[in-house]
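One structure is given below, encoded as structure tokens.
Derivation of every value follows stated rules applied to the coordinates shown; laboratory data play no part. Remember, it's a predicted structure, so these values are computed and weren't measured experimentally. Because the Cβ atoms are built from the backbone with ideal geometry, glycine has one as well, and the counts that use them run over all protein chains shown.
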């Protein structure tokens, strides 16, 4: 087990810890020594909760990855993160198209940018099967179901997306349905939208992350 020189670093860190919420002062395999809200350094295991809305996701020989309010930050030894810095800018403004609809550019599971139609009538994010295959989603391993659409009853598969990102907003482990019918575009449904504050301002819609 390789132990990093956390003790001398933590002494210097504590003098400025009040200015930061979470700081990395030591690293072990599968663990990190963190200073939280100016308190004494404490060892946290990967997967454990650090504070409200914060958990330790992973560590390696040089970094610790922390998920704070749904957004991941990778910190090196001696770095810190403010909660306000992570939660800032977690909103996106969409412009209505010529049909009065709102289409967002987004990424699923870290892939390329794709168009997603905001649809409050869809209970889940809905993905055409062809798009799911292109993204490498093994949707047939998901829970099978049926859905009523304008084109009739279609087969669907319920899956969990590792991540979905719209602008500065990123959510993890979000439920979605993959449709084998004629779905022309990804629908940004309520499994994403119910975690947003949605404000309409003329031809604009502002989505702000709530949690």
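Restricting the calculation to Cα atoms, region 54-197 shows an Rg/Rh of 1.02 when the hydrodynamic-style radius is the Kirkwood one. Report note on the peptides 24-30, 46-52, 123-129: ranked by the mean count of other C-beta atoms within 10 Å, highest first, their order is 123-129, 24-30, 46-52. Distance between the modelled labels on residue 123 and residue 60, one decimal in nanometres: 4.1 nm (7 Å Cα→Cβ projection). Cα centroids of region 151-182 and region 30-75: how far apart, whole angstrom? When both Cα centres are located, 29 Å separates them.
The helix-based estimate of mean residue ellipticity at 222 nm for the chain, built from -39,500 (n - 2.57) per DSSP H run of four or more residues and divided by its residue count, is -2500 deg cm²/dmol to the nearest 500. Highest mean packing first, where packing is the average number of other Cβ atoms within 10 Å per residue, the peptides 160-173, 62-75 line up as 62-75, 160-173. Computed on region 110-190, the Cα convex hull volume stands at 89 Å³ per residue.
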